[in-house]
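Data block below; observations after.
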Amino acid sequence: MAADPVPAIAESEATGEIAEIYADIRSALGIGVVNLIWRHLATIDGALPWAWQAVRPMYAGGTAAAEGDALLAGLELPDLPPWPASALQAAGVGEDDLPTVRAILDSYNRGNATNLVALSTLVTGPAESPPQSAASPLQPILPPGTISTPIPPLPALDALPAATRDLVMALSDLAAGPQDRIVPSLYRHLADWPGYLALSWTVLAPLDRAGRLRTMADRALGQAAWHARRLDTTAAERPENDAAVSAAIEEFRRSAISRMVPIAMILRCLTR
């Protein structure tokens, strides 16, 4: 059985201050999930309270979400036709499942974009020029301010059926570098619909082979750094274990969040 390669405190296992911060993150973002970066920071001594305190005003004031939405709106996405309802049904996503699948994608799009911008303020220097972007042939679907549709709990990687777990790992390898160890939670959250994951693979794998996913991820990372410099930040006193905290944030920014920003948006545009 494969265990998660990155330590994290699950939402169901959080207690005390960590549980309180998780609840505050969900409320501030208006989504039903605490993204993996926060759950991983919870395993590092003092990292979660420090990082959340540093960026929380941007979330509470709406500026982080606004810059995250601007990041999503500026993505240059591939021109792909949306999946017809019959294709989704053949993949096991019926009409009753669609609101949940869309809510999962919307939650991750909101969380990934906002977190990428806000957390970039803690580890990046000034960006000298605005991001360069071309008009996207595929109009991005921006998540609503509050996503009210409930989403299922996140399953553990080693609790998935073997074939589904292998598919999650195959998707996780897309646009990843040889040293990347983070398994994006989005794929696990969609594991109740393995046919949907298979359908996603057929679209994303050719984009990855052509190098387009990596290009989109690199652009998202650079654009997020520029959007981060537009936020009104107050320098927070660095934690004693600053090197470990900064390394964790930087790993997530470069390895997982930046590639999932375009990938999750592509899937949402296909799942209309």
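The values are calculated or read from the model by the stated rules, or taken from the named source; none is laboratory data. In this text, all values refer to a predicted model and were calculated from it rather than measured experimentally. Cβ atoms come from the backbone with ideal geometry, glycine included; neighbour counts cover every protein chain shown.
Worth pointing out:
- Residue check, M169 out of contact with any Ser or Thr (no Cβ under 9 Å at 6 or more places or on another chain) and crowded, with 20+ Cβ neighbours inside 10 Å: no
- The range 74-99: number of residues that are within 29 Å of A224 (Cα to Cα) and surrounded by fewer than 16 Cβ atoms within 10 Å (Cβ to Cβ): 5
- Of all residues in the range 22-54, those satisfying the criterion of being of a type outside the set (A, V, I, L, M, F, W, C) and over 16 Å from V6 (Cβ atoms) are Y22, D24, R26, S27, G30, G32, D45, G46, P49, Q53.
- In the range 124-166, the residues that are surrounded by fewer than 17 Cβ atoms within 10 Å (Cβ to Cβ), modelled with pLDDT of 90 or more and closer than 30 Å to D242 by Cα: A156
- Entry remark, the range 234-244: residues being of a type in the set (G, A, S) and in contact (Cβ under 8 Å) with a residue 40 or more places away in the chain number 2 in total.
- Filter result for L71 (hydrophobic (A, V, I, L, M, F, W, C), crowded, with 21+ Cβ neighbours inside 10 Å and either modelled with pLDDT under 95 or on the phi < 0 side of the Ramachandran plot (or both)): yes
- Top-ranked residue in the range 181-235 [being in a loop (DSSP other than H, G, I, E, B) and surrounded by 20 or more Cβ atoms within 10 Å (Cβ to Cβ); ranked as farthest from the chain's Cα centre (by Cα)]: W193
- Every residue from the range 18-48 that is free of Cβ contacts under 8 Å to residues at least 24 places away in the same chain and surrounded by fewer than 21 Cβ atoms within 10 Å (Cβ to Cβ): A19, E20, A23, R26, S27
- Test: residue in the range 245-261 that is in a helix (DSSP H, G or I), free of Cβ contacts under 8 Å to residues at least 24 places away in the same chain and not basic (K, R): yes
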